[in-house]
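One structure is given here, and the rest of the page talks about it.
The values are calculated or read from the model by the stated rules, or taken from the named source; none is laboratory data. What you are looking at is a predicted structure, and each value in this text was computed from that prediction instead of being measured. Note that we place each Cβ from the backbone using ideal geometry, even for glycine, and neighbour counts take in every protein chain shown.
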Amino acid sequence: MPSRRWKPMTARSCCTVEGQTVLGTLSRCRPSRSEFSKKVAELPSFRRLSFSDLSSSSSARFNNEDLAHSIGAGLYAFQLSELRAITHDFSSNFLLGEGGFGTVHKGYVDDKMRPGLRAQAVAVKLLDIEGLQGHREWLAEVIFLGKLRHPHLVKLIGYCCEDEERLLVYEFMPRGSLENHLFRRMSVALPWNTRLKIAIGAARGLAFLHGAETPVIYRDFKASNILLDSDFTAKLSDFGLAKMGPEGEDTHVTTRVMGTQGYAAPEYVMTGHLTTRSDVYSFGVVLLELLTGRRSVDKNKPKSEEKLVDWARPYLTSSRKLRFIMDPRLAGQYSVKGAREAASLALQCISPMPKDRPRMPAVVEALESLQHLKDMAVSCGAWPATPISGRTALSAKNKLEAMADTRRRPMPFRLS
């Protein structure tokens, strides 16, 4: 189940920033339904809304006709009753997950529901207006995914906007999220080549966003937002926090700090300055998760190992050190050179200095060059992948030598 969105807090008093109620300068207070309706009713017409408006204080009051006019063809406007029917009234038996937005349920649409709509499984996301996200994030999803289409972005099929209800309908991703595959104990370990495929797909999605006519900063790149289809093709989902990049002579976008602990770039957390290099940092963290099988933040680990970036950084400079932190579930079935190059790339991505991080097209190119390497660690003597030091290492060596010596000596026999 996707983790709830992290909200850093630095103050207890509520105030207003960018036309929204927030806690301190960082996180949102929850609106009541009446407050939600009032705020939406006061907003300007959707017909004037564009990508650039999502980076300003404006949002929208609209009906389905306005929304369809702005987005254009390609998205279906569903009725709430239809979405209730296909999800069995949002039954818990059809629950796929839950996050800051609300709940996500599986449903099925047939080709008779709308002209041109093929029969398929879908994922229906239901906005909890008293949750951590709200109308503005819902609108951002519709705007971005309604106009941006790419093989590595999850496909938005349609939406529902009735009174206070806000829903989104996506293509169903049968393999779920990367988070589930990496960190659920009962899941089968992802093979090395599959991990590399996922990293490449996610990198291509980010590169596409950053290369748009006006760059799009994803702002919430993490394992739970990387969804996988039946072939483990990675697609980015959840664009509620996406922002338009800087334009003209601006070098960054200044915005409220929102995202997920452990993934957010340090300069963004400290200053609120957001650039495409902030996404590159987050990508580096996910790449480390793929290499190590560890979460970006794990409170169950010893204090020195809680934060993945801080713990892993000293091990990323050589193959000899790297093998100590490789995911033990891989059991040595990974390319030594590929892991070394991926670790080096991750180290560049998590550089404290944004200007030292590579751009996403370069990241894609570097990862693609690792696809056909076959030098498995188990056949190169680079296994086991757990650190052994000092007396423990000497003891283990002596035991192995003793076992080998026993095998070489003839076994004694007894006289009957």
TODO: Could you list, in sequence order, all residues of the range 230-249 that are under 21 Å from L196 (Cα atoms), in contact (Cβ under 8 Å) with a residue 12 or more places away in the chain and in a loop (DSSP other than H, G, I, E, B)?
DONE: S230, F232, T233, S237
TODO: Go through (1) under 30 Å from P246 (Cα atoms); (2) part of a loop (DSSP other than H, G, I, E, B); (3) among the aliphatic types (A, V, I, L, M) one by one and return the number of the condition V142 breaks.
DONE: (2)
Task: Candidates L236, L206 - the one that is surrounded by 24 or more Cβ atoms within 10 Å (Cβ to Cβ) and over 20 Å from S369 (Cβ atoms) - done: L236
- [ ] Give the residue, chosen from G211, G245, G205, G284, that is touching a Cys at 6+ places or on another chain (Cβ under 6 Å) and of a type in the set (G, A, S).
- [x] G284
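Kindly indicate which of R340, R313, R320, R329 is among the basic types (K, R) and closer than 19 Å to L182 by Cα.
R329
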- [ ] Return a yes/no flag: does the range 175-183 have any residue that is part of a strand (DSSP E or B), under 17 Å from G102 (Cα atoms) and in contact with a Gly (Cβ under 9 Å, 6 or more places away or on another chain).
- [x] yes
Task: Lone qualifier among A362, A346, A342 - being assigned by TED's automatic domain parsing to the domain that holds T271, without any contact (Cβ under 8 Å) to a residue 60 or more places away in the chain and within 21 Å of the chain's Cα centre (by Cα) - done: A362
Open item on the list: Take V297 and tell me if it is within 19 Å of the chain's Cα centre (by Cα) and surrounded by fewer than 19 Cβ atoms within 10 Å (Cβ to Cβ).
Closed with: yes
TODO: Hand me the list of helices (runs of 4 or more DSSP H) wholly inside the range 255-322 holding 3 or more residues that are of a type in the set (V, I, T).
DONE: 276-292
TODO: Output yes when any residue across the range 146-153 is part of a strand (DSSP E or B), within 21 Å of S177 (Cβ to Cβ) and modelled with pLDDT under 95, and no when none is.
DONE: no
Task: Every residue from the range 295-318 that is closer than 22 Å to L367 by Cα, at pLDDT 95 or above and out of contact with any Phe, Trp or Tyr (no Cβ under 8 Å at 6 or more places or on another chain) - done: L308, V309, A312, R313, P314, L316
Task: Any hit, the range 209-220, residues being among the β-branched types (V, I, T), surrounded by fewer than 18 Cβ atoms within 10 Å (Cβ to Cβ), in contact with a Phe, Trp or Tyr (Cβ under 8 Å, 6 or more places away or on another chain) and within 17 Å of A342 (Cβ to Cβ) - done: no
Open item on the list: Of the conditions (1) more than 14 Å from the chain's Cα centre (by Cα); (2) in the same structural domain as G272 (by TED's automatic domain parsing); (3) closer than 25 Å to D128 by Cβ, A212 satisfies every one except a single condition; which number is it?
Closed with: (3)
Open item on the list: Here is a check on your reading of the model: is G116 under 17 Å from the mean Cα position of the chain (by Cα), part of a loop (DSSP other than H, G, I, E, B) and modelled with pLDDT under 95?
Closed with: no
- [ ] Only residues that are assigned to a loop (DSSP other than H, G, I, E, B), out of contact with any helix residue (DSSP H, G or I) (no Cβ under 7 Å at 6 or more places or on another chain) and closer than 21 Å to L95 by Cα: list them for the range 184-229, please.
- [x] R184, R185, M186, D229
